[in-house]
Amino acid sequence: MTIPLEKLDAVLQNTLIKANLTSAHKIIQLSESSIRQEGNITKEDAKLILELAAETLLPQENLSAVRMRLKQNTTLSTGCDQIDLILNGGIPLQGITELSGESSCGKTQLCLQLCLTVQYPTSVGGLNKGAVFISTEDSFPSKRLQQLIQNFPLEFSKSVVSQLEENHNFGSKIFIEHIGDTDGLKRCLYGQLPRLLSTQDIGLLIIDSIAGVFRADYDLKDGLRRARDMRSVASQLQKIAHDHSIVILCVNQVTASLKQSGLSSKPIPALGLVWANLVTTRIFMSRSTIGNFRTLEVLFAPHLPKKSCQFTIGNAGISCLD
Ligand SMILES: Nc1ncnc2c1ncn2[C@@H]1O[C@H](COP(=O)(O)OP(=O)(O)OP(=O)(O)O)[C@@H](O)[C@H]1O
């Protein structure tokens, strides 16, 4: 790839042509001083030549290291750089990712945000596809979605907008279903969903929440049946993720577990060990009692260290504290 020589003055163009130094790949490997040694090139000109080479190789504006990883399309960006950083690019396209946390800590907010980023072009961490949102308890937060559509910052806005279809309608690419019990969920995962996936370009499946069905339908004596149902649902989710290369995100609730002192309690993800063993990546959110910030942390994942970051929620969605 040749750098745009027309952006340089005629003398500099000739110097570079004579030195056979017009390839962006060749230039980017040189230091400023090596470029200067190629002819009568000033420090400023050497800088400019290096910048032109970088722009030629990375035409997307402000491409950070995280964004470059996102381009490989193995993750879905959350739309928040700090969270993407600790998730090594975003929510993985493999296996089942669980997002658990106390009530009102922001789980659904992140899910809604992902319903938008999944529609972004792949060059900025999206998948250029739609989303399926299965809610099992509360009704789908349509009003909040509309607010996010209006306010959610389109990072790299110019390049994103130019790559989206004219009049792109974010709302029309989100398929919403309400399911209240395990049988309904199984019917959907084994029947309706595969049919939908064969006709629509879907990149994200959200179940908000998985605890909603597995907590409601079973008595204490039904432990075995519940474990069997969990395995059946999880294996179908794994199959869907594998066959259709989509992100599977299951929201989970928490249970209070009494610490040994018996005085304080630390919430842990609900549904016990059976479900924990079926999950590939577990992310946990919590809400601070002081101030308005929340924390997102990786509890376990085969490809990630335990890390956390803090964020706040506003009209424009989730944003991280620097
Ligand atoms: N427009 C907004 N501006 C600021 N904060 C908001 C806005 N919309 C929602 N929130 C915050 O998000 C919280 C709700 O988050 P969310 O619905 O994601 O909770 P959740 O973790 O899914 O809880 P649950 O498990 O009860 O469904 C609200 O309590 C509020 O603090």
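The conditions are (1) in a helix (DSSP H, G or I); (2) within 11 Å of the ligand (Cβ to nearest atom), and Ser172 fails exactly one of them. Which is it?
The one condition Ser172 does not meet is (2).
In the stretch 128-141, how many are within 13 Å of the ligand (Cβ to nearest atom) and either assigned to a loop (DSSP other than H, G, I, E, B) or open to solvent by 10 Å² or more (accessible area, probe 1.4 Å) (or both)? Don't jump to the end; show me each part of the working.
Keep residues of the stretch 128-141 that are within 13 Å of the ligand (Cβ to nearest atom), which gives 133, 135-141.
Next, from what is left, pick out any that are either assigned to a loop (DSSP other than H, G, I, E, B) or open to solvent by 10 Å² or more (accessible area, probe 1.4 Å) (or both): 136-141.
Within the stretch 128-141, residues that are within 13 Å of the ligand (Cβ to nearest atom) and either assigned to a loop (DSSP other than H, G, I, E, B) or open to solvent by 10 Å² or more (accessible area, probe 1.4 Å) (or both) number 6.
Can you pull out the helices (runs of 4 or more DSSP H) entirely within the stretch 204-322 that have at least 3 residues that are in contact with a helix residue (DSSP H, G or I) (Cβ under 8 Å, 6 or more places away or on another chain), more than 12 Å from the ligand (Cβ to nearest atom) and of a type outside the set (S, T, N, Q)?
Working: elements: 210-216, 223-244, 272-276.
Answer list for the stretch 204-322: 223-244.
Take the stretch 44-59 and flag every residue that is open to solvent by 60 Å² or more (accessible area, probe 1.4 Å) and touching a helix residue (DSSP H, G or I) at 6+ places or on another chain (Cβ under 7 Å).
We begin by selecting, within the stretch 44-59, every residue open to solvent by 60 Å² or more (accessible area, probe 1.4 Å); these are 44, 47-48, 51, 55, 58-59.
The one that is open to solvent by 60 Å² or more (accessible area, probe 1.4 Å) and touching a helix residue (DSSP H, G or I) at 6+ places or on another chain (Cβ under 7 Å): Lys47.
Scan the stretch 236-245 and give yes if some residue there is of a type in the set (Gly, Ala, Ser) and either more than 25 Å from Gly90 (Cα to Cα) or buried (at least 22 other Cβ atoms within 10 Å of the Cβ) (or both), otherwise no. Let's see the steps before the verdict.
Taking the stretch 236-245 and keeping what is of a type in the set (Gly, Ala, Ser), we get 241, 245.
Remaining after also requiring either more than 25 Å from Gly90 (Cα to Cα) or buried (at least 22 other Cβ atoms within 10 Å of the Cβ) (or both): none.
Within the stretch 236-245 (the criterion being of a type in the set (Gly, Ala, Ser) and either more than 25 Å from Gly90 (Cα to Cα) or buried (at least 22 other Cβ atoms within 10 Å of the Cβ) (or both)), the answer is no, since none of the residues qualifies.
Which residues, counting only those in the stretch 77-118, are more than 17 Å from Gln150 (Cα to Cα) and within 12 Å of the ligand (Cβ to nearest atom)?
Those that are more than 17 Å from Gln150 (Cα to Cα) and within 12 Å of the ligand (Cβ to nearest atom): Leu99, Ser100, Gly101, Glu102, Ser103, Ser104, Cys105, Gly106, Lys107, Thr108.
State which residue pairs qualify: first residue under 18 Å from Arg228 (Cα atoms) and inside the stretch 177-189, second residue at pLDDT 95 or above in any location, beta carbons under 6 Å apart, and separation of 6 or more residues or different chains.
Thr182/Asp229; Leu185/Ile179; Cys188/Ile179; Leu189/Gln236
What tally of residues in the stretch 83-127 results from selecting those that are open to solvent by 10 Å² or more (accessible area, probe 1.4 Å), in contact with an Asp or Glu (Cβ under 8 Å, 6 or more places away or on another chain) and not β-branched (Val, Ile, Thr)?
So the answer is 1.
The values are calculated or read from the model by the stated rules, or taken from the named source; none is laboratory data. Worth saying up front: this structure is predicted, and the values here are computed from it rather than measured. As a convention, Cβ positions derive from the backbone with ideal geometry for all residues, glycine included, and neighbour counts pool all protein chains shown. In case anyone asks, the SASA skips ligands and DNA or RNA and just uses the protein heavy atoms, side chains included. Shrake-Rupley method; radii C 1.70, N 1.55, O 1.52, S 1.80 Å.
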